[in-house]
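Taken together, the values in this text are just the output of simple stated rules run on the coordinates, not laboratory data. Given the structure is predicted, the values throughout are model-derived calculations rather than measurements.
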Amino acid sequence: MSPNPVFHPGSYTPEAGEYVCDCAAEHRWRIDVAGHLFPVFPPGCLGAGWRATPEAVDPGAPLSSI
């Protein structure tokens with residue numbers, strides 16, 4: 001796998017973690033287990049893909065911020 005691959009809505013998440021879309025708004029989506037489907041982008045989002053974020057995640061944060 002490349003260092004920071006892009007995943008498209010509808011594809012399966014390879015691992016748990018936080019993902020960010022590649023638009024200027026950087027919408028975030030967080031999962032706790034692998035195998036979920038990446039969601040569609042929120043209305044008005046110009047993103048083309050999701051990328052894993054290297055940041056540590058807050059365990060108290062909601063699982064989805066879309």
Determine the gain in length on full extension of the stretch His36-His8; use 0.36 nm per residue of separation and subtract their C-alpha separation, reporting nm with one decimal.
8.9 nm
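Length gain on complete extension for the stretch Asp22 to Arg51, per 0.36 nm per residue less the alpha carbon to alpha carbon distance? Working shown, then result.
Numbers: separation 29, 0.36 × 29 = 10.44 nm, distance 0.73 nm.
Stretched fully, the Asp22-Arg51 segment lengthens by 9.7 nm.
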Between His36 and residues 5 or more places away or on another chain, which pairs have amide H atoms under 5 Å apart, with H built 1.01 Å from N, and which residues are they?
Thr13
